[in-house]
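Please read the structure below before turning to the comments.
Bear in mind that the values in this text are calculations on the coordinates, not laboratory data. Owing to the predicted nature of the structure, the values given are computational and were not obtained by experimental measurement. Ideal geometry is used to build each Cβ from the backbone, glycine not excepted, and the neighbour counts take in all protein chains shown.
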Amino acid sequence: MIVIAALTVLIAAVLAARLLYSLSILALPLWCGGTVAWWTIASGAGWPLAASAGLAAATMLLVAAHLLAGARSPVLRLVPVAAFGLCGGVAGYHAAHGLALALLPDGLIVQGLSLAAALLIGSAAALRWLAVRGGATPSPNPPSWV
């Protein structure tokens, strides 16, 4: 019975880590929308207005990131990549820290695993953002069929 429980916890941790890896690119819009929704609720507005404000903020963030990623300046193109990678790394650290504490006692191993997960998930979010906007710059030579 203990073996079945341990395997269930291990499978749940792997599935949670896989879900986190898949959704790492959405950490920044979720954080931005949640923050705006929290501020809207704290100002005395209702839940529907807060949800609408959070959704609008997340959408505006994604639109601004896509516009910056299509800029001509390489520095401006790296701003959304760095922002999405940093926010994904922070989310990865905290999620991996919680999962590691569920399985291991607190110590240097937990910190090491959390930092490794932050690096992995943050770089995955940055690379996935680069893959989304990889073809943003037009090539100087148009294809022959144009």
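Candidate membrane-span-like segments in the chain, meaning DSSP H helices with Cα atoms spread over at least 27 Å of their own axis and a Kyte-Doolittle mean of -1.0 or above, are 2-22, 47-69, 74-103, 108-132, with no membrane implied. Once the Cβ-Cβ distance of Leu55 and Leu23 is raised to the sixth power relative to R0 = 22 Å, the FRET efficiency obtained is 0.85.
Each 5 Å bin from 0 upward holds the following percent of the Cα-Cα pairs of the chain: 2, 10, 14, 14, 14, 14, 12, 9, 6, 3, 2, 1, 0, 0. Put in order of Cβ neighbour count within 10 Å, fewest first, the listed residues Val79, Val3 become Val3, Val79. Helices in the chain, meaning DSSP H runs of at least 4 residues, each add -39500 (n - 2.57). Divided by all residues, the mean residue ellipticity at 222 nm is -27500 deg cm²/dmol. Of the trypsin sites (Lys or Arg not before Pro) found in segment 18-87, the ones in coil according to DSSP and having at most 13 other Cβ atoms within 10 Å of their Cβ are Arg72.
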